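Below is one structure, written out as structure tokens, with a few remarks after it.
The values are calculated or read from the model by the stated rules, or taken from the named source; none is laboratory data. The structure displayed is predicted, hence computed values, not measured ones. Glycine also receives a Cβ, built like all others from the backbone with ideal geometry; neighbour counts cover every protein chain displayed. With ligands, DNA and RNA removed, areas are computed over all heavy atoms of the protein, side chains included. Shrake-Rupley method; radii C 1.70, N 1.55, O 1.52, S 1.80 Å.
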Amino acid sequence: MKLLIIFSTFFCLLAAASAQKKSTPYSPQHRLTMAEYEGTLRLWKKQHPQWVTVESRGISGKNMPVYLLKITDKSVPDTDKQVCLVTALHSGPERTGTTGALAFAEWMLSDDVLAAETRRRQIILIMPIINPQSMFFTDRFRNEHGVDPYAGAGPKGKVWDIKTLTVKQPELAPELMAFVSVVDQYQPEVHADFHGTGLQEYAADQLGTRQTYHGQIMTEVTGGAYSNYALRPWDWRVTEAMIASGNAAGFPSDRFEADAQRTFWGAELAPLGQKLWHGRPQFYSAHYAYAKYHTLIITQEVAWEQSVIERMKGLLRIGNQVWGDQRQASYPVNRMKHFVGHFVTAYGNSASERRKSRVELWSKQGKLALGFMYPQTDGRESLVCATTAAAKKAVAVHGLDDLHANLRKQFPTDAANIESFIKAGPEIKLAMGTPNTHLLAAKEVDDLKFENGVSFRLRLPYQKPSNLKVQLNGQTLKTSANDGYESWLADGFTQIQVNVPAVKSQKTELYFITCSYTPDQKRSIGWMPPAEVQKQNATAKAEATPATFTDLSYGKHFRQNLDLWLAKSTQPTPLVFYIHGGGWAAQDKTDIHQHLDVKALLDAGISVASVNYRLLQDANAAKVSPPLQWPLNDSKRALQFLRSKAGEWNIDKKRIAASGVSAGGCASLWLALHDDMAEAKNDDPLERESTRLFAAAVLSPQTSLDPKQLREWISNSEYGGRAFGFKGASRADSFIPFLAARDSIIADIQRYSPIEHASKDDPPIFMEFPRQDKTPVAGEKQSDPTHSAVSGLMLDQKLQSFGVKSELRYLNDGKKGNANIQEFLLQILGSNK
């Protein structure tokens, strides 16, 4: 703890210790005495009785009082005054913390315009010397019992019981108890603790006359402490306002981790040690006011007394005015509970009312459950707060129907208005910040009501919304600062604050706030790819034809899913079963819109399915050989899955036609030509479904995967190596070892080559090769060997020899009949509509 305490100031005084050993041009500073200190306080009280109150709040070592100086304009009622507490918890060795506090007090008693305004608007409490013994006798941090008031550390560790926020042995820490008594009495909005330079790093034999010297400074910091990054304002804008005020007067501040360009420490980040900001979050005595009363805490290092005055001016201006998104002049301390930009806030139109509400709500906020309708939607906002076990159980629902039923019980008269709001929107659920399991386990012993009123804050992301309608528990609210809602523009949002007075909050268990409005501008949501990419991917067609079901799983792997469009019909509909291309290594089911007009098929009474499957890389990672079996067998299983759901989805099992492009076309042909792969005795009901097809219409397919056969057909063929697990930087690289190993894996090649399964009982086949640039002739080199019509020609000839209906089309073939796969599918599946 000692190291942590000195961490914040060691950097400024190492040189100073050395300097006092030598003869230097730096003259010693005056060392304040107890008599001078007490005399100053008495004089200020005598000179400014209309502003100054001085009192002893405890007795420190050697029977020295711990004084509190109170400065405020007594002619102005305290009702609407903010309270700012200033301390020097390290007073003594850190001399400039104390002298800075005294200089600040002196300025507060001046004729400065800001000082006068602050006296009228705030109560300034100053405790310049918390530890008189340290200041006037020892120049060490601890008191006579070994307790450091700042860190709350004693000879045997922390003197604080952090859970109960009490001092374990108060008799050993009278200075700390004096500080606590002030905080408890005034419950300040802000607490600024001053630190600085002094004799804390001087060893006993270096203290000499125990005087610091003129010119002894330090790097000043504003807002927090080097050793403890939890000692800072929660709103960095407060810190920046103070820094800006200091900068304007020529006094710059270090910004801790920002200037050091380091991120914060955390338990999981600990191994990064030397790369993190060295401060740690710890409980120091200054945290007491925050923990007990939600006080904004600030720590400052002081080199020059005038500097801390200038920085404090920046802070005081905030308390004197309506700052940020506040409704009244106030420090930003009134939000007691939050959930994703929705807030429970203090109630009241005066500082004292809000303080009373703030303290109550802060003590109870841990037992509140907040939520809102999800997803958040333009033109609509909501906030829900449950305060009792019954209310929490009412909102612990899994669906909107259950929510409506529970709300009818909570609000018999007005639940219909809430239900109407919810049903008018697209939200899918009530999202609560507390898990349902915890809500359902809530106990009545933890029930609470708000005795001093309560307010709730919502924020609309528009500056001039219209048609604002705010309801609380189904009742429409009027504009009111006492009982209703207020709205104003601040911080870019239209702020909506619902105010519930004590007479209502004492009787209310569940708060269900809804807000509808019309945005003042239309904003687009969602980025779209460039037009060229959209055209390539048929994005417009996809957007215009949303699937009935998306990402239906037919297996456990994330790629084993499909999209399904169901045609409207009273009779079972035929189905197009589409398998995407990409060499079984790329693309996905959405490429259907590049090759088929789904809407036209639906309009013809034909349902459509588009399938994803596990890719070659997935199979390779699982050491499956040959990897091709995964995408082909997935296509088979997807077909069987759809057949198993035929009754549910009104699909005609007997009229399913496969379609696909490139590798998807190969898979479609494999299914179409293969004997039925149904296994009647398999325990898996899907495996018992037939795999036979009514027809197949394919685009640029590979009809054979035999490398020798492909080279005989197409002299520059290089396809298929990767499908059987042969690696290479290119298809050509993988084809060479594939061809060399051909005879050793011929069984697998024949198992997965479509042409090997051709027989007289095969369904009609349509093959289209739109990029074929010349009449296909076997044995010739092709401009696109992977998608050459020669492959289709060879299969067409074999099918024709079996008497199977087969149609081959390519560019400029001069043939009549179906021009493309779309026409074929419409003709063969729509003919029996």
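For region 349-403, what is the per residue volume of the convex hull drawn over the alpha-carbon atoms, in cubic angstrom?
On the way: hull volume 6.7 nm³, N = 55.
Cα-based convex hull of region 349-403, divided per residue, equals 122 Å³.
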In this structure, among Lys70/Lys313; Lys168/Lys356; Lys409/Lys504; Lys568/Lys654; Lys356/Lys393, pairs with alpha-carbon gaps over 24 Å are Lys168/Lys356; Lys356/Lys393
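Express the carbon and sulfur contribution to the solvent-accessible surface of the chain as a percent, rounded to the nearest whole number, probe 1.4 angstrom.
On the way: 18560 of 35890 Å².
That share works out to 52 percent.
Among 122-129, 405-412, 164-171, how do they line up from the highest to the lowest mean number of other beta-carbon atoms within 10 Å? Each step should come with its number before you reach the end.
Values: 122-129: 24.2, 405-412: 16.2, 164-171: 12.6.
Result, highest mean Cβ count within 10 Å first: 122-129, 405-412, 164-171.
If you average 1/r across every pair of different Cα atoms in the chain and take the reciprocal, what Kirkwood value do you get, in Å? Show your work: numbers first, answer last.
Working: mean 1/r = 0.0298 Å⁻¹.
Final number for the Kirkwood radius of the chain is 33.5 Å.
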The relative contact order of the chain, taking Cα pairs under 8 Å that sit 6 or more residues apart, comes to a percentage of 7 percent
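Restricting to DSSP H runs of at least four residues, report the calculated mean residue ellipticity at 222 nm for the chain, -39500 (n - 2.57) per run over all residues, nearest 500 deg cm²/dmol. Each step should come with its number before you reach the end.
Working: 28 runs with 259 residues, N = 833.
So the calculated ellipticity at 222 nm is -9000 deg cm²/dmol.
Quick one: accessible area per residue over the chain, 1.4 Å probe, rounded to a whole number of Å²? If you can, show how the numbers build up before the last one.
On the way: 35890 Å² over 833 residues.
Per-residue accessible area for the chain comes out at 43 Å².
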With all protein chains in place and a 1.4 Å probe, Ser700 shows an accessible area in Å² (nearest 10) of 10 Å²
Probe 1.4 Å, all chains present, heavy atoms only: Lys313 accessible area in Å², nearest 10, is 30 Å²
Computed ³J(HN,Hα) along region 669-680: with the Karplus parameters 6.51/-1.76/1.60, θ = phi - 60°, integer Hz and x for glycine or proline, the list is 5, 4, 5, 5, 8, 6, 4, 4, 9, 5, 10, 4
One would report the antiparallel percent of DSSP beta bridges in the chain, rounded to the nearest 5, as 60 percent
Given backbone amide H placed at 1.01 Å from N, residues whose amide H is under 5 Å from that of Ser806, ignoring those fewer than 5 places away on the same chain, are Ile765
Once all protein chains are kept in place, Val113 shows an accessible area at probe 1.4 Å, nearest 10 Å², of 120 Å²
Here region 747-754 yields Karplus 3J(HN,Hα) values (6.51, -1.76, 1.60; θ = phi - 60°; whole Hz; Gly and Pro given as x) of 5, 5, 4, 5, 5, 10, 7, x
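Which order do peptides 261-269, 579-587 fall in by mean Cβ count within 10 Å, highest first?
Numbers: 261-269: 11.0, 579-587: 21.4.
Top of the packing list down: 579-587, 261-269.
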Listed by chain and number, the residues whose amide H is under 5 Å from that of Tyr213, excluding neighbours fewer than 5 places away on the same chain and using placed H, are Gln29
In degrees, nearest 10, the alpha-carbon axis of helix 629-644 is tilted away from the dominant principal axis of the alpha carbons of the chain by 90 degrees
Excluding residues fewer than 8 positions from Lys708 in its own chain, the lysines with Cα under 17 Å of it are Lys781
For Lys62, the aspartates and glutamates lying under 19 Å Cα to Cα, once residues fewer than eight places off in the same chain are dropped, come out as Glu36, Glu38, Asp139, Glu144, Asp148, Glu171, Glu175
Heavy-atom accessible area with a 1.4 angstrom probe orders Glu427, Glu780, Glu106, most exposed first, as Glu106, Glu780, Glu427
The helix 789-802 Cα axis meets the longest alpha-carbon principal axis of the chain at an angle in degrees, between 0 and 90 and rounded to 10, of 50 degrees
